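Enquirer: Got a structure for you, questions after.
Nothing in this text is a laboratory measurement; each read-out follows from the coordinates by a stated rule. Quick caveat: nothing in here was measured; it's all calculated off a predicted structure. Every residue, glycine among them, receives a Cβ derived from its backbone with ideal geometry; neighbour counts consider all protein chains shown.
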Amino acid sequence: MADPHIAVIEDLSFAYDRRPVLHGIGLKIPRGKVVAVMGQSGCGKTTLLRIIAAALMPTRGRARVLGRDTGTLDRDGLYALRRRMGMLFQFGALFTDMSVFDNVAFQMREHTNLPEDAIRDLVLLKLEAVGLRGAAQRMPGELSGGMARRVALARAIALDPQLILYDEPFTGLDPIALGVIARLVRQLNDSLGATSIIVTHDVAETLPLVDYVYFMAEGRVIAEGTADQVRRSGVAFVEQFVSGAIDGPVPFHYPAAGYEADLGFAAGA
Amino acid sequence: MNRSAIDLWVGVFVAIGLGALLFLALKVGNLASFSTAQTYQVEARFSNIGGLKVRAPVKSAGVVVGRVAQIRFDNESYEAVAVLTVDSSYKFPRDTSAKILTSGLLGEQYIGLEAGADARMLAGGERMRITQSAVVLENLISQFFFNKAAEGGDAKSAK
Amino acid sequence: MLVALRAALIRLGAAVTVGVWRLGYGARFFVYLIVHSGTAFRRFRLTMREIYFAGVLSLIIILVSGLFVGMVLALQGYETLQRYGSSEALGVLVALSLVRELGPVVAGLLFASRAGSAITAEIGLMKATEQLSAMEMMAVDPVARVVAPRFWGGVISMPVLAALFSAMGIFGGYLVGVVLIGVDEGAFWSQMQAAVDVRNDILNGVIKSVVFGVAVTLIAVFEGYDAPPTAEGVSGATTRTVVTSSLAILALDFVLTALMFTGGA
Ligand SMILES: Nc1ncnc2c1ncn2[C@@H]1O[C@H](COP(=O)(O)OP(=O)(O)OP(=O)(O)O)[C@@H](O)[C@H]1O
Ligand SMILES: [Mg+2]
């Protein structure tokens, strides 16, 4: 446990079938910190998170998470590793055949022998933290998108994990809920002694919250540093992201052939 | 749907399922009439059993009194040996005869018992002495033609 | 000409390869599923829930279809039998047809389209909405927690449904034969009892229904688990479940009948 980093990723590349998504990524996540991974849509953030969670295996390079090299683990090793992690999915992924209460209680029932009234107290505590104790008996289909996200958050932290992975925790929240959840993420991290990795687009809300930031573009890390360093770095890309300008080094369009060519004008000439 | 309602329904489901199986076994099948009743076994030998099958009924005066339990071939006497299971509540004299009969013209074959007059009754493991084999249709027909031919021959030679 | 032949051969080869590959994959899935079925029995409440969805909710359709099939059998059977003066054998005809063949087969086909398709759609949708990945991320094996209880729920429900179908069908035959047409009641039941054997007919029928239950539910959970995580993927998998399991029932029925009822005595 002397290792100051809870997750280390070295020279990692990944491809879905033949399509390369990540190229030579290197990350170091220090223990006890909140680290953000930012980048435009489709640059491979969710993919990176899945590799850290050992749901995908790197095509090249290594991912050491909680002291284990994910590529070398068997099924039992993977499950033991995952019991020490919590993950908030980008689209919630609540179990639609269970009530909100049972969703949050799921891991407690699966992995512990706690009596039902202890589970009840714990679940209500977690739901209270995300402000949805009143919705405990509702089904996921009866929640709004933002509420579902908050329930998923309560579920991700149900067993007080050591490493919490958040995939877009702030999208779909109103400003009040967003502020509450942002503070909650920080609080959870500090009070549980956990480490958090947040994947997000939301620069303005995230920067004040986090200890360290990685910027990604097209499957590569292009900038990193503390929040202040990033703000002052002057890298054009980061400037554009922080200010939200359309023009800049980050292209808005997914790579494609020329628009005229696609519309057939070039050929018609 | 809460838990106890699901439990209740699944309980009802399994119970009526077992009920249906019981109905099939007792009312549709013939489990009840045999496994419970006391029986004794007797043997009968036939030179030809025709299409008699194991589990075929054994009837006396048209009433089912037992079933064929086993059919085998005796390699010494070159006869078929049928073992009959008879309900203990029915007793038959020792000189009872066993015939292989057919229900209807083409129906299934069964064994008919015709009671004799002996004072001693058949006991388990004994053998019925008087038997009559199955009527085999092919034999009957060929016999018929043979007789016809013979008659024809006689008539001609008489001329 | 040659090009078309070549293309046809390539298609044939691809179809065979994919078919064999899926068969092997399905077999491995089956073994994995059986090995990880502990949860389904240790926490039987999970399986109980699935018996409710696969079995209890199929009751109405099974009972009503069974009744009608039995009534039609009696009507048609009577027409034929009375021509040969043996209308008392109506009970035998109805009971043997149902217990040996129609009970397991028709109940199996209904089960495939009512419960099998629902199982595929549910598992497929859970996969498409990342619920299975989420479970995996919580160190809970979705095969043990989601697939196995559904599998065993279906396997337990199917023989019960088939028995109910047969019993209901015989009752329907009784209604039409005895109550409506007026076949002698005593002859109806006694001939039936004389001809239907508990081991040879009823037990074999139950064995058939168990085999069909395993086949249909296995196909249903496999198609759901293997479905592409999209709307078309799930709908295609649901259709495949119904088609494949219906064919499997008919083919297995032929094999089982050949093994069970033609071996003599
Ligand atoms: N299952 C998959 N199979 C093939 N390609 C995929 C798959 N999932 C994602 N991709 C591709 O990988 C790339 C990165 O996807 P990823 O989901 O990691 O992006 P992201 O950074 O999380 O984007 P967003 O911010 O929109 O969520 C995309 O180009 C996407 O098309
Ligand atoms: Mg994403």
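Enquirer: Helix-derived [θ] at 222 nm for the protein assembly as shown: sum -39500 (n - 2.57) over DSSP H runs of at least 4, divide by residue count, nearest 500? Present the calculation step by step, with values, prior to reporting the outcome.
Expert: On the way: 26 runs with 350 residues, N = 693.
Mean residue ellipticity, 222 nm, calculated: -16000 deg cm²/dmol.
Enquirer: Let me ask you something else. Can you compute the equivalent ellipsoid semi-axes for the range C:19-261, i.e. the square root of 5 times each eigenvalue of the Cα gyration tensor, sorted largest first and rounded to whole Å?
Expert: Numbers: eigenvalues 314, 50, 49 Å².
Computed over the range C:19-261, the values are 40, 16, 16 Å.
Enquirer: For the protein assembly as shown, build the charge dipole from Cβ charges (+1 Lys, Arg; -1 Asp, Glu) around the Cα centre, then report which of A:ILE6, A:ILE176, B:GLY66 sits farthest towards its positive end.
Expert: Looking along the dipole axis, the top candidate is B:GLY66.
Enquirer: Now for a separate question. Please work out whether the protein assembly as shown counts as rounded, prolate or oblate from its C-alpha gyration tensor, where a ≥ b ≥ c are the square roots of the eigenvalues and a/c under 1.5 means rounded, while otherwise a/b larger than b/c means prolate and anything else oblate?
Expert: Working: a/c = 3.44, a/b = 2.60, b/c = 1.32.
Prolate, because a/c is 1.5 or more and a/b exceeds b/c.
Enquirer: Expected output is a single nm value to one decimal: the length gained when fully extending between A:PHE91 and A:LEU114, i.e. 0.36 nm times separation in residues minus the C-alpha distance. What is it? Each step should come with its number before you reach the end.
Expert: Values: separation 23, 0.36 × 23 = 8.28 nm, distance 2.92 nm.
Using 0.36 nm per residue and subtracting the Cα-Cα distance, I get 5.4 nm.
Enquirer: Sorting A:TYR214, C:TYR225, A:TYR16 on the 10 Å Cβ count, fewest up front, what's the list?
Expert: Details: A:TYR214 24, C:TYR225 21, A:TYR16 11.
The most exposed by this proxy come first: A:TYR16, C:TYR225, A:TYR214.
Enquirer: Let me ask something else. With angles folded into 0 to 90 degrees, how steeply does helix B:3-23 sit against the dominant principal axis of chain B? Use alpha carbons for both and round to 10.
Expert: With both axes taken from Cα atoms, the answer is about 10 degrees.
Enquirer: Taking the Cα centre of chain B as origin and charging only Cβ (+1 Lys, Arg; -1 Asp, Glu), how large is the dipole, in debye to the nearest 20?
Expert: Working: 17 positive and 14 negative charges, 38 e Å.
That gives chain B a dipole magnitude of about 180 debye.
Enquirer: With unit charges on the beta carbons (Lys and Arg positive, Asp and Glu negative) and the dipole taken about the Cα centre of the protein assembly as shown, which residue among C:SER65, C:VAL183, A:LEU48 sits farthest to the positive side?
Expert: C:VAL183
Enquirer: Considering only DSSP beta bridges with both partners in the protein assembly as shown, what is the antiparallel share in %, to the nearest 5? Write out the running numbers ahead of the final one.
Expert: Numbers: 47 of 74 bridges.
Given both bridge residues lie in the protein assembly as shown, the antiparallel proportion sits at roughly 65 percent.
Enquirer: Then there is this: Using the alpha-carbon centroid of each, what span in Å lies between the range A:142-167 and the range C:190-251?
Expert: If you average the Cα positions of each part, the centres end up 40 Å apart.
Enquirer: Loop only per DSSP, at most 14 neighbouring Cβ atoms within 10 Å: give me the GluC sites (Glu not before Pro) in the range B:38-101, ordered by residue number. Can you show the working numbers first?
Expert: Details: sites: B:GLU43, B:GLU76, B:GLU79; in loops: B:GLU76.
Those satisfying the criteria are B:GLU76.
Enquirer: Mind pulling the angle between the C-alpha long axis of helix B:137-158 and the longest principal axis of chain B? Nearest 10 degrees, somewhere in 0 to 90.
Expert: 10
Enquirer: Non-local amide H neighbours of B:THR131 (under 5 Å, H modeled in plane, Pro and chain starts lacking H): which ones?
Expert: Placed amide hydrogens put B:ALA98 under 5 Å from B:THR131.
Enquirer: Run the quick spin-label model on C:THR257 and C:ALA4: label points 7 Å from Cα toward the beta carbon, then report their separation in nm to one decimal.
Expert: 3.9
Enquirer: Go ahead and run the numbers for FRET between C:ILE34 and B:ALA115, Cβ-Cβ distance against an R0 of 45 Å, rounding to 0.05. Walk me through the numbers on the way to the answer.
Expert: Working: r = 59 Å, r/R0 = 1.32.
My answer for the efficiency is 0.15.
Enquirer: When the dipole is taken about the Cα centre of the protein assembly as shown, and only Lys, Arg (+1) and Asp, Glu (-1) are charged at their Cβ, what size is it in debye, to the nearest 20?
Expert: For this selection, approximately 880 debye.
Enquirer: Divide, for chain A, the radius of gyration over alpha carbons by 2.2 N^0.38 Å, where N is the residue count. Mind dumping the intermediate values first?
Expert: Values: Rg = 20.0 Å, N = 269, 2.2 N^0.38 = 18.4 Å.
Against the empirical 2.2 N^0.38 Å value, I get 1.09 for chain A.
Enquirer: Something else: In chain C, if the dipole is taken from +1 on Lys/Arg beta carbons and -1 on Asp/Glu beta carbons about the Cα centre, which of C:PHE111, C:TRP21, C:VAL234 is farthest to the positive end?
Expert: Farthest towards the positive pole: C:TRP21.
Enquirer: Which helices, taking whole DSSP H runs in chain C, have alpha carbons extending 30 angstrom or more along the helix axis plus mean Kyte-Doolittle at least -1.0? Don't skip to the end; give the middle numbers.
Expert: On the way: long enough: C:2-35 (49 Å, 1.46); C:59-83 (36 Å, 1.46); C:148-174 (40 Å, 1.14); C:204-226 (33 Å, 1.25); C:231-261 (44 Å, 1.25).
Flagged H segments are C:2-35, C:59-83, C:148-174, C:204-226, C:231-261.
Enquirer: Same structure again: In nm, to one decimal, how far is the A:ARG62 label point from the A:ASP262 one, both placed 7 Å along Cα→Cβ?
Expert: 4.2
Enquirer: A further question on this structure: Suppose we keep just the DSSP beta bridges with both residues in the range B:39-142; what percent of those would be antiparallel, to 5? Show your work: numbers first, answer last.
Expert: Numbers: 27 of 35 bridges.
About 75 percent, rounded to the nearest 5.
Enquirer: A further question on this structure: Students often forget the sequence filter, so: which aspartates and glutamates lie under 14 Å Cα-Cα from B:LYS27 once same-chain residues fewer than 8 apart are removed?
Expert: C:GLU185, C:ASP197, C:ASP201
Enquirer: So what is the relative contact order of chain C, in percent, for Cα pairs below 8 Å that sit 6 or more residues apart? Spell out each step's value before the answer.
Expert: Details: 343 pairs, mean separation 81.2, N = 265.
In percent, rounded to a whole number, it is 31.
Enquirer: Over 30 Å between Cα atoms: which of A:LYS28/C:LYS127; A:LYS33/A:LYS126; B:LYS59/C:LYS208; C:LYS127/C:LYS208 fall into that group? Can you show the working numbers first?
Expert: Values: A:LYS28/C:LYS127 32 Å; A:LYS33/A:LYS126 21 Å; B:LYS59/C:LYS208 33 Å; C:LYS127/C:LYS208 32 Å.
Beyond 30 Å between Cα atoms: A:LYS28/C:LYS127; B:LYS59/C:LYS208; C:LYS127/C:LYS208.
Enquirer: Charges at C-beta only: +1 for Lys and Arg, -1 for Asp and Glu. How large is the resulting dipole of the range C:47-153 about its Cα centre, in Debye rounded to 20? It would help to have the intermediate numbers written out before the result.
Expert: Details: 7 positive and 8 negative charges, 14 e Å.
So the magnitude is around 60 debye.
Enquirer: Anyone know which of C:GLY154, C:GLY182, C:GLY91 comes out most mobile in the 10 Å Cα GNM of chain C?
Expert: Taking springs between Cα atoms under 10 Å, the residue moving most is C:GLY182.
Enquirer: Count, for each residue of C:194-200, the Cβ atoms from other chains sitting within 10 Å of its Cβ, then give me the mean as a whole number. Kindly include the intermediate steps, with their values, before the conclusion.
Expert: Details: counts 9, 6, 7, 5, 10, 3, 2.
So the per-residue partner count for this stretch is 6.
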